[in-house]
Structure formats: structure tokens, C-alpha cells
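Data first, discussion second: the structure below is written as C-alpha cells.
The values are calculated or read from the model by the stated rules, or taken from the named source; none is laboratory data. This structure is a prediction, so every number in the text was calculated from the model and none was measured. For neighbour counting, all protein chains shown are included, and Cβ atoms are generated from backbone atoms with ideal geometry for every residue, glycine included.
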Amino acid sequence: MKSMIALFALLFAAVHPLAAETTGADAYSVPQDAQIGWVPPNLPGSRGAAGSGCAPGGDILPDGIWFVFVKNASSETIVLDLACFYFGAAAEVAAERDGEEANNDYYISNRNSRLRRAPLADDIRVHAVNPGSAPSNSIRPVSLESWLRPGEGKVCPGDFCIVWLFINNGRITEIMEQYLP
């Protein structure tokens, strides 16, 4: 049995784009060396958008890395508005398609106002942008409780809160705030 598990892990690491750079047992996780401004790679099916893309094919977000606006949050659930995050050349193409312009090498498209709910894992990890002047901005771990608590200068959760959700086994296991220049 151990040899079958080891073989599966080896095969998974060979074909999964984030398997080698993640921590923990989750398939989707923030890389240990992630810096401010880190953007996940385009995963299979993303249609050019970063992460898992922006077309999950239903009301429930499947396992993956999703770019969202967090509209509301509690210790159990996040209410989100799924959006598309494009970076680099893909940002230029997507912006042109939408009749817009890409700024600072990224483009966010949110053509659908549909809200979804996603459950939080019991052991959720949150990575918040540490405000400050660049390049001192960094990502720091915070507790879910402190992330949920309103504070001066905080935008999360709220209408301008943009994050990456890492979903494993149907639950949000990590939240990473997205820094925009």
C-alpha cells in the first residue's frame, strides 16, 4: 500500500503544475516562497486566466485556485464574486477582447455579478498583504479572526477585497490577498 501511495505522489508531482512548489498535503496551496504580487500559473482549463480561471461550470467552485472579490465572510463561509485575473500577454488579449486596457501588466474581468458561497476548512490559513510603501509590502500570515475583524485601512472582507481562494476537498483551505500596484 505504501508503494502505491508513493507512486501516486510521484506521478502527481510530475503532472500537477503546483505540486512541487506547495507546502502541506493539499493539492492547491500557497508556495512557501510566495512574495507580494505572486500570481498562480494558468492551470488546465483556465482559458488564459491565472489560477483555475473563471468558468467553473456551476454554482460550486471545484478544487483549484480561484480569483474572487470577497463580498462577505464569516468563520464558516465566504460569499464571493468570481472574476478573471489575467497577467502579462494574456492581460493585453483579454482587455482588448473586452474593449478595455490592461494596466501594470494585469487585467481583471468581472462580467458576471453572480454571488457564490464557499465553506471554509477548519484549519484555514490566511495570507494578508502587509500595507506599507513598496518594496516593503509583504505577505504575512494572519488568523482568520483578525482577517475578519474590521480595521482602519483594511479592505477585506468588502467590495474591494480581492483574493485567491485555494480550494481542496470542497473547502477553502487558504486565502491569499492579491496586491495590486
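Looking only at the stretch 89-104, which residues are within 14 Å of Pro181 (Cα to Cα) and either surrounded by 14 or more Cβ atoms within 10 Å (Cβ to Cβ) or in contact with a Cys (Cβ under 6 Å, 6 or more places away or on another chain) (or both)?
Across the stretch 89-104, the qualifying residue is only Ala102.
Return the only residue of Leu180, Leu80 being outside any strand (DSSP E or B), among the hydrophobic types (A, V, I, L, M, F, W, C), under 15 Å from the mean Cα position of the chain (by Cα) and within 23 Å of Ser46 (Cβ to Cβ).
Leu180
The rows are residues; the columns are (1) at pLDDT below 90; (2) among the aromatic types (Phe, Trp, Tyr); (3) closer than 29 Å to Asn104 by Cβ; (4) touching a strand residue (DSSP E or B) at 6+ places or on another chain (Cβ under 6 Å).
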{"site": "Leu7", "(1), (2), (3), (4)": "yes, no, no, no"}
{"site": "Leu11", "(1), (2), (3), (4)": "yes, no, no, no"}
{"site": "Glu21", "(1), (2), (3), (4)": "yes, no, yes, no"}
{"site": "Gly24", "(1), (2), (3), (4)": "yes, no, no, no"}
{"site": "Asp63", "(1), (2), (3), (4)": "no, no, no, yes"}
{"site": "Val68", "(1), (2), (3), (4)": "no, no, yes, yes"}
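Any residue in the stretch 53-76 that's farther than 16 Å from Asn42 by Cα: show its pairings with residues that are of a type in the set (Gly, Ala, Ser) and outside any loop (DSSP other than H, G, I, E, B) at Cβ separation under 9 Å, as long as the two are six or more apart or on different chains.
If the second residue must be of a type in the set (Gly, Ala, Ser) and outside any loop (DSSP other than H, G, I, E, B), the pairs left are Ile60/Ala118; Leu61/Ala118.
Looking at Asn112, Asn72, can you tell me which residue is surrounded by fewer than 19 Cβ atoms within 10 Å (Cβ to Cβ) and either assigned to a loop (DSSP other than H, G, I, E, B) or among the aliphatic types (A, V, I, L, M) (or both)?
Of Asn112, Asn72, the one residue that is surrounded by fewer than 19 Cβ atoms within 10 Å (Cβ to Cβ) and either assigned to a loop (DSSP other than H, G, I, E, B) or among the aliphatic types (A, V, I, L, M) (or both) is Asn112.
Kindly evaluate Ile124 against the criterion of being touching a residue at least 40 places away in the same chain (Cβ under 8 Å), assigned to a strand (DSSP E or B) and in contact with a helix residue (DSSP H, G or I) (Cβ under 6 Å, 6 or more places away or on another chain).
Taking the combined requirement at face value, the residue satisfies it.
Among Ser143, Ser138, which is the only one that is touching a residue at least 24 places away in the same chain (Cβ under 8 Å) and small (Gly, Ala, Ser)?
Ser138
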